[in-house]
Amino acid sequence: MLNVLSSALATFVRPGTGISVEPATRKPEKMLELYDMEGCPFCRITREALTELDLDAVIYPCPKNGKRFRPKVIEMGGKAQFPYLVDPNTGKQMYESVDTVAYLYETYGERPVPFKWRAEALQKIGSSLASALRPGQGLRLAESTLPDKLLELYSFESSPFARLVREKLTELEIPYILRNAGRTSWRDWVPPGVRASLDIDSEPELANRQALQERAGKIAIPYLIDPNTGTELFESAEIIEYLEQTYGV
Ligand SMILES: N[C@@H](CCC(=O)N[C@@H](CS)C(=O)NCC(=O)O)C(=O)O
């Protein structure tokens, strides 16, 4: 309960970010790659922009003292600083959260960076406040075994429940495809159970929401797909338990 509450507070201190979507006009052919830590305030800023532009990415978690992907960032960019964005479509590789936001808007949104993202200091303070509400979470390394295939997570940045799962994936250093499924219409804001009972046809606009509806029969975030074991799960608490039991050491 406390975990969900502090995660909800973290969402509360980032109003209007990482949830509403105005999709990118151009989608990357090859998946973007983000080396990040869930608990890092700067990484959050990049992930918020990914949600807002409806862009998917492969997330390579780099918790403190992480051994799997941190060395690769040092090799590619010269230092251990996060976020580190790699775009295999253009060859661009970059540090600096606010620069990554500008790059994503200009390259894939094909529009100027929204005004709110120009208030750099304000965004960084707000995001740091959100991280402070989850001290140590999504930053610490926990021993794990590395799955062969990438997991997939349907998520949007400001979901308090998806955050808990992303924190666990970071701590376990498990790479995954982040399938962003933010909100475009008022129907997307109605909780899944209520939507079903009111018989509101959700008619999702976003491809990932449509895919989730078709695959799982409903749209609820988070949703984890593990192709290594054939497991597919809703519910953050169940997903976290599954990850701990399957990959935790
Ligand atoms: N100005 C950078 C700051 C990035 C930064 O300081 N990131 C921290 C994590 S929150 C980091 O990389 N720390 C080094 C480490 O974790 O080893 C940005 O906005 O991206």
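Readers should treat all values here as calculations from the given coordinates under stated rules, not as data from a laboratory. All figures in this text were calculated on a predicted structure; none of them were measured in a lab. Glycine gets a Cβ as well: all are built from the backbone with ideal geometry, and neighbour counts include every protein chain shown.
For region 1-109, treating each Cα as an identical point scatterer without solvent, what Debye log10 I(q)/I(0) comes out at q = 0.21 1/Å?
-1.14
Could you give each residue of region 69-79 its phi-based ³J(HN,Hα) in whole Hz, using Karplus coefficients 6.51, -1.76, 1.60 with θ = phi - 60°, and x for Gly or Pro?
Working through the residues one at a time gives 10, 4, x, 5, 5, 4, 5, 6, x, x, 8 Hz.
Just the number, please: percent antiparallel of the DSSP beta bridges in the chain, rounded to the nearest 5. Write out the running numbers ahead of the final one.
Values: 17 of 28 bridges.
The answer is about 60 percent antiparallel.
Expressed as cubic angstrom per residue, what is the convex hull volume of the alpha carbon set of region 63-107? Let's see the in-between values first.
On the way: hull volume 3.3 nm³, N = 45.
Hull volume normalised by residue count: 73 Å³.
Springs between alpha-carbon pairs under 10 angstrom, Gaussian network model over the chain: which of ARG70, ARG47, ARG187 fluctuates most?
Residue with maximal mean-square fluctuation among ARG70, ARG47, ARG187: ARG187.
From the C-alpha coordinates alone, can you work out the Kirkwood hydrodynamic radius of region 42-81, in Å? Walk me through the numbers before you get to the answer.
Numbers: mean 1/r = 0.0878 Å⁻¹.
After inverting the mean inverse Cα-Cα distance, the result is 11.4 Å.
Cβ under 10 Å from GLN93's Cβ, GLN93 left aside: what net charge do those residues give with Lys, Arg +1 and Asp, Glu -1?
Net charge around GLN93: -1.
In Å and from the alpha-carbon atoms only, list the Rg and Dmax of region 171-249.
14.1, 44
Build a GNM of the chain with springs between Cα atoms under 10 Å: which of PRO191, PRO28, PRO88 gets the top mean-square fluctuation?
Largest GNM mean-square fluctuation: PRO191.
Using 0.36 nm per residue of separation minus the Cα-Cα distance, give me the extension gain between ASP199 and GLN213 in nm, one decimal.
Details: separation 14, 0.36 × 14 = 5.04 nm, distance 1.47 nm.
Answer, rounded to one decimal: 3.6 nm.
Select from region 103-167 those GluC sites (Glu not before Pro) which occupy a DSSP coil region and have at most 12 other Cβ atoms within 10 Å, ordered by residue number.
Working: sites: GLU106, GLU110, GLU120, GLU143, GLU152, GLU157, GLU167; in loops: GLU110, GLU143, GLU157.
Filter output for region 103-167: GLU110, GLU143.
Mind pulling up the Rg/Rh value for the chain? Radius of gyration and Kirkwood radius, both on Cα. Mind dumping the intermediate values first?
Numbers: Rg = 17.0 Å, Rh = 18.1 Å.
Here the Rg-to-Rh quotient is 0.94.
Filter the trypsin sites (Lys or Arg not before Pro) in region 125-182 to those in DSSP coil with at most 15 other Cβ atoms within 10 Å of their Cβ, and list the result. Walk me through the intermediate numbers first.
On the way: sites: ARG140, LYS149, ARG163, ARG166, LYS168, ARG179; in loops: ARG140, LYS149.
Hits after loop and neighbour filter: ARG140, LYS149.
Rounding to the nearest 20 debye, state how big the charge dipole of the chain is about its Cα centre with +1 on each Lys and Arg Cβ and -1 on each Asp and Glu Cβ. Don't skip to the end; give the middle numbers.
Details: 30 positive and 35 negative charges, 135 e Å.
Taking the Cα centre of the chain as origin, the dipole is about 660 debye.
For region 96-171, build the convex hull from the C-alpha positions and give me its volume per residue in Å³. Spell out each step's value before the answer.
Working: hull volume 10.1 nm³, N = 76.
So the per-residue hull volume is 133 Å³.
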